[in-house]
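The values are calculated or read from the model by the stated rules, or taken from the named source; none is laboratory data. Everything numeric here is computed off the predicted structure, so don't read it as measured data. All Cβ positions, glycine included, derive from the backbone under ideal geometry; neighbour counts span all protein chains shown.
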Amino acid sequence: MNCPQCTEITDKVIETRESKDGGYIRRRRECLHCGKRFTTYEKIEDIPLMVVKKDGRREPFDMDKIRKGLYRALEKRPVQTKQIEQLARQVEEFFSRSDREIPTFKIGAMIMEKLKKLDKVAYVRFASVYLEFKSLEEFLTELHSLLKKEE
């Protein structure tokens, strides 16, 4: 920390206080070179979690998009709202502990894995959009692989 008086970088902390809301820390400092006292405020920098799209674009991680995708895939399925919200939280918690940049294919793969266990129809709905099937044959291939795994 540079002293505002003499610009030296040697100082000592005299007093530390956390704000009432916990948003920052206030520190009283004293320059060891000139003796001037000054106050600094420290705040944790929140680096947003970014999603790397297929085309290389980056955008902030958006839980609402995940929720909307889950609700759409599970629409009219016998799955409770509580289960959908729990699944969304699991995805969010998992990726909040990972790198600051996440490729969309990792998010999609995790969601498909969880949907496959929860509801096979929802899995196929989600996969058909996420995997961007170009033909009926691709769709049927995925269905056949799903059916083989059940046997």
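Quick notes on this structure:
- Residue 91 fulfils the conditions (1) closer than 20 Å to residue 130 by Cβ; (2) loosely packed, with under 14 Cβ neighbours inside 10 Å; (3) of a type in the set (A, V, I, L, M, F, W, C) except for a single criterion, (2).
- Pairing each residue of the stretch 45-72 that is of a type in the set (Ser, Thr, Tyr) with any residue that is surrounded by 10 or more Cβ atoms within 10 Å (Cβ to Cβ) and at pLDDT 90 or above, provided the two are 6+ apart or on different chains, yields C-beta distances under 7 Å for 71/84.
- If you check 27, 58 for being within 30 Å of residue 3 (Cα to Cα) and in contact with a strand residue (DSSP E or B) (Cβ under 9 Å, 6 or more places away or on another chain), only one passes: 27.
- Against the conditions (1) surrounded by 10 or more Cβ atoms within 10 Å (Cβ to Cβ); (2) out of contact with any strand residue (DSSP E or B) (no Cβ under 9 Å at 6 or more places or on another chain); (3) charged (D, E, K, R), residue 101 satisfies every one except (2).
- Consider the stretch 29-54 and keep the residues that are of a type in the set (A, V, I, L, M, F, W, C) and surrounded by 11 or more Cβ atoms within 10 Å (Cβ to Cβ). The one that is farthest from residue 93 (Cα to Cα) is 34.
- Positions within the stretch 13-55 being part of a loop (DSSP other than H, G, I, E, B) and either touching a Gly at 6+ places or on another chain (Cβ under 9 Å) or of a type in the set (Asp, Glu) (or both), in sequence order: 21, 43, 44, 45, 46, 55
- All of (1) of a type in the set (Phe, Trp, Tyr); (2) exposed (fewer than 12 other Cβ atoms within 10 Å of the Cβ); (3) at pLDDT below 90 hold for residue 123 with one exception: (2).
- Exactly one residue out of 26, 57, 67 is loosely packed, with under 14 Cβ neighbours inside 10 Å and assigned by TED's automatic domain parsing to the domain that holds residue 84: that is 57.
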